[in-house]
Structure formats: C-alpha cells, structure tokens
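As structure tokens, the structure follows; a few thoughts come after it.
The values are calculated or read from the model by the stated rules, or taken from the named source; none is laboratory data. All values derive from a computational prediction rather than experimental measurement. Methodologically, a virtual Cβ is constructed for each residue, glycine included, from the backbone with ideal geometry; neighbour enumeration extends over all protein chains shown. To get the accessible areas, we keep the full protein, side chains included, count just its heavy atoms, and leave off ligands, DNA and RNA. Shrake-Rupley method; radii C 1.70, N 1.55, O 1.52, S 1.80 Å.
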Amino acid sequence: MTLDPQALLQHHAAAALAHLYGQSLAPESLTVQTTAAEFEGDLTLVLFPLLKLKLGSPEALGQAIGDYLVAQGIGIARHSTVKGFLNVSFADSYWAQALAHAAHDPQQLWYLPLGAGQRVMVEFSSPNTNKPLHLGHLRNNFLGDAISRLYQAAGYAVVKANLVNDRGVHICKSMWAWQQYGQGDVPGPERKGDHLVGDYYVRFEQTLKAQAAELMAADPALSLEEARKRAPATLAVQEMLRQWEAADPEVRALWQRMNGWVYQGFEATYRRMGIAFDQYYYESDTYLLGKDILDEGLATGVFYRRPDGSVWVDLTAEGLDEKLLLRADGTSVYMTQDLGTADLKYRDHAMHRSVYVVGNEQDYHFKVLFSILKKLGRPYAQGLYHLSYGMVELPSGKMKSREGTVVDADDLMAEVVQSAQAETTEKGKVSGLSPDQLETLYETLGLGALKFYLLKVQPHKKMLYDPAESVSLQGDTGPFVQYTHARIRSLLYKAAEMGLSAGAFEGASLSPEERAVVQRLLRYPHTLREAVQTYDPSAVVNYLLDLAKDYNRFYYAHPVLREDAPATLGLRLTLSRLTADTLREGMGLLGIGVPDRM
C-alpha cells in the first residue's frame, strides 16, 4: 500500500473521474490538502478546478466521487461535501495498517525514487580567499548542504561543488597589505590563516581611507570616489593584479602562500559545519574559459560584434537587455567566464540538473547566463536553476567584510556551542556522560540550533539575524526536536528494560492524539517531495517541528509504559519508535545530528 494518503486519494479520485465521467486526468493534477480544522475529515479534495469540466454541481460531483472512494475499500470510511470541497475521513484500520507497513519498511517513508538514474550538481559556498567565512556564508552552506541531502534522499546522484574565488583585485588587497604591514605574521594556534588574511583585507581598507582623506584635504574639489581611485594603495593593488596575470614569480608565490593559509582555515570551518565537497573549481583556473564560446556564438549568429570590436548578445526578446561578453580591448567579462565554467562542469559530470546556491543580488546575472546557454542550445540548459536566497542582515544593517562589520562563522559556531553547554549544564541532565560524550553533545546541540535557525526561513526571504534567538535552545528550535528524539529513545530504553516490545496491534482503536501522530508520519513523503521540488529545506524544518509537537501532545495524554492492553501498547511503542527514527532521518537531511540523551 502507498504510505502517502494524499497520493492515495489523488490516485483513486482520478480513477473515479475516469470511471464515472470518462475524464482522464493525471492524479498529481488534482488538488488535495489537509481538511480545515472546523470540518470533519482528514483530507480534502478541492473540486473547484473540476467545475470547468461541467460534470454537475460541486455537491453532486463530491457525492459521486465520495461514494466511489468508499466503495473501493481503500480505507475511506465516510465523506462529506461542503461547497467545492470533498472532505474524506479514513478508518482507524487504515491508519493502523499504514503505521504497520511503515514500521516494517521505513524506507517507504524516507526515500523517494524521483531522480533514479539522474545526476545533479549543487554548487554552493563559493568563498573569496581574502577573508574568513561569515554568517552569510553559513546560510549559503547550510542551504547547499541541505539541498544536496534532499536530492540524495530523492534518489539522485549528487555532486557537491565549490567554485572558489581565488583571484582578482580583492585578493591582491590582502596580499599588498600583508606585504606592507605583516612580514613575519603567519597563522598559528591562536589565529587561523583565513582570519589572518581577512585582517589584512580590513587593514587595506583602513589604509585606503586614510590616503583618500589626505588627497581630499589637499584638493577639496576631489570626490571621495575619485580620491579612492587615485590613492597609492589602489594603484599598487592594480599593478599587483597585472603582475599576477603576467605570472610574475614573486607575486604568484605570495598568492599561493596566502591562499594556502586560507584553505587550511576554510577546511577547519567546513569540518566543524559538517560539510564536505566532491569537486572544487578555482577561478584562477577558469577565468580565461569561454573565449571559444564567443567564436561559436558569432559563427551561429547568437552573438554579434560591434564596430569597436566588442562582442554582445541581444536578450531583449527574453525580456532582458543587450549583454557585453567581450570588451573592445579583447578582455573577457565574468559572464564569459561563467559560460565556459558551465561547459566545463557538464564535461566533467554530465549532470541532468545544476543548482547554483547564490544570493539574490545575483538574480539578474543568472537570468542572463541561463538565457545565453539556452540560445546556444546547450543540452544541460533546461536543467539549470538558481537557488536565490535573501541576505542575512544585522539589526545595524548589512555586513561589510572590508570594514570588519561581520559575524564571523567560527566565532558564531563557538558561541552557540558554549550556549548549549551552559543551558544543558544548568538543567543538570548530563550526569554519567564522559567528557568526550559531553563535548559531542554540546557540539550537536549548538550547531543544531544554528542550522535549524538559518534553515527555518524560506530561502527567498531576507533574514534579520537575532543573536539571542539564534543561540536559544527553547521554543521552535532544533534542540526542541532533538530533545523530543532523546525523550523517545529514553522511553524505548525503559520499555526494553521492562521486557516490553512492540507487538501486533491489529484492531487497536486510535485516540485523536495517536491518529494525529500517525497522520503526520505519513505526510513525510509528501513533505520530502515538496522540499525537493521547491528547493526549500524549511518545509522539512516545519514538518519536524509539527511532528515533535504532535508526539509530545500524545506523550502527555497517554503514558505509554503504563498501558496494559497488548494491542494498544504495541501500537504506542511502534508509533514512538517510528517517530524517533523519522525525526532522526529528517534532521539528518538538514545536516543536524540527534543525541539519544540530553
């Protein structure tokens, strides 16, 4: 039997329309939702979209379909039609049988064969090698990792890619500042390499500000923008970039040395996040790619050359504009590089889908990139998707790396772990755990709180970072879900000590609280499908919160271990075990661990 009651209702409602009216509709085209609280029913088939078929009044249509569904013996006990809504109620025997099937083979809940035989690349993180990772990077990384895990659960082969921005004028700023002020300053136990390099990026900005102020004092008519352009620091960095592009040995050696410091620092941060990548690409290797695509586009008429020699593409028919691809002096732009990198990634991995996890300030860039690739007829172009997410801002405004006004990722992770330690110790529930076990517990709780907080908001929405809320272990948080899991594991452990096991529960009636938990468990496949199709891990976050709340209401209403009726005890122990396992699976999709004790 299918463990998704929504899919079951869609399938048989489509069969009813075919049998009763000769109408052939795809089951997934039918709208099914949870019945509103003020009406009787478990699920509702929305009839309004069917009225255009002129099959009769909503009441008559609902009555006919409802009678057909009851007659099929699929577990629907009764139905009622309210205006354009057919509300159906499933029998207790259906929910009990579905729970038994799920307990016997939980993979029916946790795995969807949506992408069997297909490969997807998820590109995320994409840091600059002139500064450490910060709060904004955390949202990016947690989103990319969660999307990767969701695709894996849906049966796709996943490649997690990281395109590192390791060249350019911003990199040279840190290099020049270190040359001026940091000779002999190297990473050590007290300061990671990415932090050291980031400090010199800030130091460059401080120097530039001072130099610009001096120029403006000497010439009051000079604007700030012009003063910054004329500042010695700016000119020196531009010269360093020219030397880098000319492969100057000394500049390249310094670049490799400082980038090496940054990579070691990044690796430590990724390791603490619980994130790893299958493929790294580096802008220093890809920035010259794409020039052969220009020749192809010119030959096919997709691109055109202006009299000054520059190359453009006209995207006005796509609702965009004309886009420069090659400057008149023969130098390429970022778009050209991204075209070449897209081809490179497809040659390497032949993926059916490619997801770019990049902030919404790049929305227009990706519209242009995808439009060009479609005009060029690339076989992978239809599978491209930009997972655009809102920026994370502070109460004081946007974060600015060059001014040092960022929430450092390493500092924030350390803070949430310390908060987890303080709150857990205060509750006094950690007796008997070894120091290593305690360290693991605090890390799991702290990072769980942070990941849950950053994934709880839909990706497209901007987030305002609240330091107090982010480290809280109370309320609608990751630790609440983790605690529910630990509570159930403790209950199951006690049951085993008492010699109790989850036996058969055929014929057991369900209380409203038990039915609510079973129904929520069986919505997991639907939630997983929704999260994959909408690229939205927050669907899983909210599902887990609802499941934990449903279980806790059941837990307080029905003391499990004091139940005498064997069938009822079997049902409640089975329900408890499957809930704990589903909480573990769901949190795992978010990259969050669940302790057995806390």
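The table below gives the values:
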{"read-out": "Length gained when the stretch Q382-H104 is fully extended (0.36 nm per residue, less Cα-Cα span)", "value": "96.2 nm"}
{"read-out": "Residues of region 417-444 with amide N under 20 Å of a point placed 7 Å along Cα→Cβ from R271", "value": "417-418, 436-444"}
{"read-out": "Calculated FRET value between E497 and A350, using beta carbons and R₀ = 60 Å, to 0.05", "value": "0.65"}
{"read-out": "Distance between region 488-505 and region 57-89 - C-alpha centres, whole angstrom", "value": "39 Å"}
{"read-out": "Per residue solvent-accessible surface (Å²) - region 509-598, probe of 1.4 Å", "value": "35 Å²"}
{"read-out": "Solvent-accessible surface ranking, highest first, for M258, M598 at 1.4 angstrom", "value": "M598, M258"}
{"read-out": "Rounded accessible area of S93 (nearest 10 Å², 1.4 Å probe)", "value": "80 Å²"}
{"read-out": "Additional length obtainable on full extension of the chain from Q206 to R305, 0.36 nm per residue less Cα span", "value": "31.4 nm"}
{"read-out": "Where trypsin sites (Lys or Arg not before Pro) fall in DSSP loop in region 129-205, at most 12 other Cβ within 10 Å", "value": "none"}
{"read-out": "At R0 = 60 Å, FRET efficiency that the Cβ-Cβ distance of A217 and E426 yields, to 0.05", "value": "0.60"}
{"read-out": "C-alpha center-to-center spacing [region 135-199, region 331-362] in angstrom", "value": "19 Å"}
{"read-out": "More than 18 angstrom apart: percent of Cα pairs within region 76-226", "value": "76 percent"}
{"read-out": "Region 247-272 residues near the modelled Q179 label - backbone nitrogen below 20 Å, point 7 Å along Cα→Cβ", "value": "247-262"}
{"read-out": "Dimensions (Å) - region 197-344, Cα atoms, principal axes, largest first", "value": "52, 51, 35"}
{"read-out": "Cα-based Kirkwood hydrodynamic radius, the chain, one decimal, Å", "value": "27.8 Å"}
{"read-out": "DSSP beta bridge pairing in the chain, given as percent antiparallel to the nearest 5", "value": "55 percent"}
{"read-out": "Cβ-derived FRET efficiency at R0 60 Å, A246 paired with L433, nearest 0.05", "value": "0.55"}
{"read-out": "Projected label distance in nm at V333 and E225, using a 7 Å step from Cα toward the beta-carbon", "value": "1.8 nm"}
{"read-out": "In range of the label at A71: residues from region 3-40 whose backbone nitrogen is under 20 Å from the point 7 Å along Cα→Cβ", "value": "9-25"}
